[in-house]
Structure formats: structure tokens, C-alpha cells
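One structure is given here, and the rest of the page talks about it.
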């Protein structure tokens, strides 16, 4: 095993541990968020907060699938099944947001004021983007489509948190109860698109192993080019003439032999 292979294996193990840590934090945070949001929503009879808590459980499902994958002996083998789970989570999120948003717009759901709801959604807007960015960077370097897809879902949940937060604030200050529903319906389009991409297995990722392999191939390619250049120079007419000129004359060679 070469030094390059050892470095690649060590880097891959490091990235896998980092992803497990990130999804572990994401699961823990979303579980706490779901419990608080659903409890506060039930106490205040707020369907919006209850829905926000259910959205957190969907994010837990996606992150748990990635965590399960990276506890396997060969995570790459379970890439496609995990992507399917994440895709289903995207579709479930889109379906839920569509139903609750339309119910709110048609007056079936009343958006109520909730101080606790504003606090918990504001925390999500601050915390979740960092988790999404960290997971996406690690996923891209590792070449993991599941980690990238899960990071996108975390980011979409951040947008939904922002939509709920804006809606709660606008409703409390100006009585604009429909603002968060309109914003959420726009986000649904992106959730469906990401779900389709996850189901197909599409991801813009180049693994660290592929990068190292490419570097090695390029080095070998350059070495072969240099070898061919030297061979070309040695076999060229000018090189032949130079070798002939560098030889001593025939008389000198004969005298050296006699001496």
C-alpha cells in the first residue's frame, strides 16, 4: 500500500466520523425542537407550531438514515437505499407543508401568536445553516450523495423555519396571517425538486479518493510524456548528428588503440 492510499483511507475515515457527528447533533437538536414545538403548539392550540414540530421529525428521519448508513462496514454500498429514504422524507415534507399552507390560506387553520414559537424558530434559523454547511462540505469531499441530500433537506427546513418565524412576527405585529403560508408554498417546489434528485441518485460530488486518483494519474501521465520527449530527442536527426560530432575522429581512435 502506497503513502497516497494510506492518506486516502485516513481522510475518508475522518470524513465519515465527521458526518456521523454532524447528523448526531442534527438528530438531537431536532428531537428537542420537535418536543418543545409540539408541546407549545398543543398548549396554545397552535396548528402552525405543531406542524413545525412534525417537520422536525421528518428531518430526524432523514438524518437517522444517513447516521445508519455511516455505521455500516461499507457505507457506499447503502448509498442508494439511503437516498430513497431521504427522497421519501422530502416528499413527505412537501405534502405536509402543502396541506397545512392551503388550509391556512383558506381559513381552516388560524395562525396564532406564540412567543415560544418565535424563539424556537429563531434558534433554528441560526443553528441549522451551520449544520447544513458542515455536512455538505464533508459530503462533497467524501463523495457521499446521501450526506449532500441530507444537508439540502436541513437547509430547506431552515427556510421553512424562517417562513414560520416571519409569519409569526408579521401576524403578531400586523395581522398578516397568510405570509408564512405563501412563503412555504414556494419552498415546496424546491423540496419536490430535491426529492426527485435524491430518488434518482443525482449529486454533485467528487470524493477525496477520486481526487487523489486523478492526481496520481496525472503524475504518471506527465512522467510518460517526459519519457517520450527524451526518446524523441534521442532519436531525432539533430541528436544523431550531435552524437557523431561528439565522437573523436577516426585517426584519434586508431592512435588511442595503438597506444
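The values are calculated or read from the model by the stated rules, or taken from the named source; none is laboratory data. If you're wondering where the values come from, they're calculated on a predicted model, not measured in any experiment. Virtual Cβ from ideal backbone geometry, glycine too; neighbours counted across all protein chains shown.
Structure notes:
Conditions tested, residue by residue: (1) out of contact with any strand residue (DSSP E or B) (no Cβ under 9 Å at 6 or more places or on another chain); (2) in a helix (DSSP H, G or I); (3) free of Cβ contacts under 8 Å to residues at least 60 places away in the same chain.
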site: 54; (1), (2), (3): yes, yes, yes
site: 72; (1), (2), (3): yes, no, yes
site: 79; (1), (2), (3): yes, yes, no
site: 87; (1), (2), (3): yes, yes, no
site: 103; (1), (2), (3): yes, yes, yes
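- Restricting 151, 161 to residues that are in a helix (DSSP H, G or I) and either within 11 Å of the chain's Cα centre (by Cα) or not assigned by TED's automatic domain parsing to the domain that holds residue 105 (or both) narrows the list to 151.
- When segment 13-49 is limited to residues that are buried (at least 20 other Cβ atoms within 10 Å of the Cβ) and modelled with pLDDT under 90, the one that is nearest to residue 187 (Cα to Cα) turns out to be 48.
- For segment 88-108, filtering for residues that are under 17 Å from residue 166 (Cα atoms) and buried (at least 16 other Cβ atoms within 10 Å of the Cβ) leaves 4.
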